[in-house]
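Presented below is the structure to which this report refers.
What follows is calculated from the coordinates using simple rules that are stated; it is not laboratory data. Model, not experiment: these values are computed from the prediction. Don't worry about glycine lacking a Cβ; one is built from the backbone with ideal geometry, like all the others, and counts go over all protein chains shown.
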Amino acid sequence: MEQQRLREAISSAQAGQARGYEALLGAYGPRLYGFFLRATGRHHDAEDLLGELTLRLVRRLKHYDHRGRFEPWLFRIAANMVRDHLRRMRRRRVVVSLSGEDEFGEPLAERVAAKVAPVHAGVVAGEDAARLDEALGKLDIATREVILLRHFGQMSFKEIAEIAGSPLGTVLARAHRGLGELRRVMGYNDGTR
Amino acid sequence: MELDEQQYERIGRYLDGEAVELSADELTVAEQICTEEASLGFVLDAALPKAAADRARRRLRVQVLRRRRRVWAIGNTAIAAAAAAVLIASALWFQFPSDSPPAAGQPAGKSVRLELPAVPQTQTEVEIDMLAEELNELTEGIRIVSAETCEDGDLESLEWELDNFWLEELESFELDSLRF
């Protein structure tokens, strides 16, 4: 979003006008959604987080002092939300064995198979995305955060280091390691896949 | 290629646009990071589904509207409280005039009061009771305004939940009908 339009959108939103908020959502919504999706690996969670972020935006924007760096401010909120979300998910995680039985004595594997939609072309085309999610899932949270903030938040390494609360050298080392790991899993090399 | 923390820091500053002179190894890693970031960009991007964008926009509008109403409610309560305070202050002022210094050629306030016939104690108590009653009524009025605001908030919240409930129901219905 161009600086002048961004400033106008922020002023309008700070004055309590829905138009301003909508302009911000229109400009940053897709990138925020992408960030949430790649961080959580689930469309449903990404949508929930995007909805929650819009509410936080309404609450917090009046305290925001615009000095040309709106993205780091916005993505800092988004990164904190993802961390909270992942922490909550870790606490809730329950492992169910498919070799077990349900309350009626039916094998769970059969019940699950009956509920799974048949594979179609879209799923095959989405294999890349699945592989990417798997690869991102293998990275530790801090490394994944660096890569995603860099891409979706378009932030400098210094800004990411501030958000992560880590030294700049550590952030760079994570980025280098993480990108290398993704390249290995995704199977692309030197800019060509 | 193994680099230490300081070397990585130099690469970070270089990639952030600072004029840093890098060694051959550091430059190789910096270029590697740039290339990999560029390659990964296309894979990472994800389109925001229109339905999700619409829902987020609607949620945003509701939140902005709710916030605006809350500001109005707070403003109204503040005005009511200020009006009550002014009313009470004027009532007290008329009831118990202040001992202001007398104007030229006029007797002092205190002496005027002394010249008035003594007010029986019981009558003053009755007037104080009436004032207290007025004060209570005003306080009650403010309380009712606040309570109404809360009810409005609760109703809005219920409406919002209901809206979401039907939205989710409709979505799951549509998905089911597509699947079977």
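Over the range A:138-193, what is the relative contact order in percent, taking alpha-carbon pairs closer than 8 angstrom and at least six residues apart? Before the final figure, lay out the partial values.
Working: 30 pairs, mean separation 19.2, N = 56.
So the answer I get is 34 percent.
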- Message: Which residues does the label zone of A:ALA129 cover in the range A:142-177, counting backbone N under 11 Å from a point 7 Å along Cα→Cβ?
- Response: none
- Item | For peptides A:3-15, B:29-41, sequence by mean Cβ density within 10 Å, most packed first | B:29-41, A:3-15
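With r defined as the distance between the Cβ atoms of B:ALA85 and A:ARG59 and R0 fixed at 22 Å, what FRET efficiency is calculated, to the nearest 0.05?
Numbers: r = 31 Å, r/R0 = 1.39.
Step by step, r from the Cβ atoms, then E = 0.10.
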- Item | Average partner coverage of A:166-174, which counts Cβ from other chains inside 10 Å | 6
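Can you sort A:HIS63, A:HIS151 by how many other beta carbons sit within 10 Å, fewest first?
Numbers: A:HIS63 7, A:HIS151 19.
With the sparsest Cβ surroundings first, the list reads A:HIS63, A:HIS151.
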- Query: When the dipole is taken about the Cα centre of the range A:1-95, and only Lys, Arg (+1) and Asp, Glu (-1) are charged at their Cβ, what size is it in debye, to the nearest 20?
  - Reply: 560 debye
- Partner chain coverage, peptide B:32-43 - average Cβ within 10 angstrom: 6
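Need one value for B:48-58: mean number of C-beta atoms belonging to other chains within 10 Å of its residues' C-beta atoms.
On the way: counts 12, 4, 0, 1, 9, 7, 0, 4, 12, 7, 2.
Mean partner-chain Cβ count within 10 Å for B:48-58: 5.
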